[in-house]
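The values are calculated or read from the model by the stated rules, or taken from the named source; none is laboratory data. Since the structure is predicted, the reported quantities are computational estimates derived from the model, not experimental observations. Note: ideal-geometry Cβ built from the backbone for every residue, glycine included; neighbour counts use all protein chains shown. Side chains are part of the model used for accessible areas, which takes the heavy atoms of the whole protein and leaves out ligands, DNA and RNA. Shrake-Rupley method; radii C 1.70, N 1.55, O 1.52, S 1.80 Å.
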Amino acid sequence: MATKKAVKKSAKKATKKSTAKKATKKSTKKVASKKVPAKKTAAKKSTRKYSPSVGKNVEREMHEMKRSKLKSGRSGKKVTSRKQAIAIGLSEARKEGKKVPPPKK
């Protein structure tokens, strides 16, 4: 009667031989690789550069400019430029601590 160790060894040898044969068969065959489309990345938390409330600040400043009530900094001159009105709105939003990227220099 065979011992348990002898049975295990013979079983291991048999499995090694069968896996070796399978491995050689797989390596000789050419497998056509298909291009896998790139997976979409996980949902991004927030891709907004500006918070929605910043638009309200800018809108208010634009309205003041159109009514000739918007005045610039220390000089107090009337703002007539659309770009300057937007800059003032963004600046005020930054002071309030809203999500706005830093100004370009």
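Results, tabulated for the structure shown:
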item	result
Scan of the stretch 50-80 for residues that are under 15 Å from Lys95 (Cα atoms) and open to solvent by 90 Å² or more (accessible area, probe 1.4 Å), ordered by number	Tyr50, Lys56
Residue in the stretch 85-100 that is nearest to the chain's Cα centre (by Cα), counting only those that are surrounded by 14 or more Cβ atoms within 10 Å (Cβ to Cβ) and of a type outside the set (A, V, I, L, M, F, W, C)	Lys99
In the stretch 74-105, the residues that are closer than 23 Å to Ser53 by Cβ and assigned to a loop (DSSP other than H, G, I, E, B)	Val79, Gly97, Lys98, Lys99, Val100, Pro101, Pro102, Pro103, Lys104
